[in-house]
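Take a look at the structure below.
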Amino acid sequence: METGLPGSSRRKILIAEHDGEFGELLMNAVKKYNFTGDLVLDGQEVLEKLKTKAYDAVLLNLVLPKINGIDVLTTIRKPESSHRNLPVFVITAFDHQNLIQDAFTLKADSFFLKSQLSPDAMIGEIANFFKQPKV
């Protein structure tokens, strides 16, 4: 069953998730919402993809190999970054308040705890974000 939103087919999501199986579940949810996307497994790949493709949002695990999610988010939010205003939604399996606080200090748009939301619900939250009026 398709649950896509009108006009959502143009949304492209970059998913950074070190757990390939969970990443595939997220990609399946992306398709259910008529979004497109790419799945990468480490932080270095996130930064490389952002150099070569345009995305509407990033779903970023904070625990990634090579370059961790906080460092990726720091790079994205740098004033000189062309991606500084790109919506970034962070996810983790751990309820570490320091990581969560760091992510919000770096202006993450939202935070998802894997144990509390399914992949479908996470992508649904991103879809709802795009429905919000921009100020």
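A quick yes/no check of all residues on (1) surrounded by 15 or more Cβ atoms within 10 Å (Cβ to Cβ); (2) in contact (Cβ under 8 Å) with a residue 40 or more places away in the chain:
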| position | (1), (2) |
| --- | --- |
| His18 | yes, yes |
| Phe22 | yes, yes |
| Met27 | yes, no |
| Asp38 | yes, no |
| Glu48 | no, no |
| Tyr55 | yes, yes |
| Ile70 | yes, no |
| Val88 | yes, no |
| Ile100 | yes, no |
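Taking the residues in the stretch 87-118 that are under 14 Å from Ala16 (Cβ atoms) and not hydrophobic (A, V, I, L, M, F, W, C) as candidates, determine which candidate is modelled with the highest pLDDT.
Within the stretch 87-118, the match that is modelled with the highest pLDDT is Pro87.
Looking at (1) touching a residue at least 24 places away in the same chain (Cβ under 8 Å); (2) touching a strand residue (DSSP E or B) at 6+ places or on another chain (Cβ under 6 Å), find the lone condition where Ser110 falls short.
Going through (1) touching a residue at least 24 places away in the same chain (Cβ under 8 Å); (2) touching a strand residue (DSSP E or B) at 6+ places or on another chain (Cβ under 6 Å) one by one, Ser110 breaks only (1).
Can you tell me which of (1) crowded, with 16+ Cβ neighbours inside 10 Å; (2) farther than 20 Å from Val46 by Cα is the one Ser118 doesn't meet?
Single failed check for Ser118: (1).
The values are calculated or read from the model by the stated rules, or taken from the named source; none is laboratory data. Bear in mind the structure is a predicted one, so any value in this text is a computation, not a measurement. Positions of Cβ are backbone-derived with ideal geometry, glycine not excepted, and every protein chain shown enters the neighbour counts.
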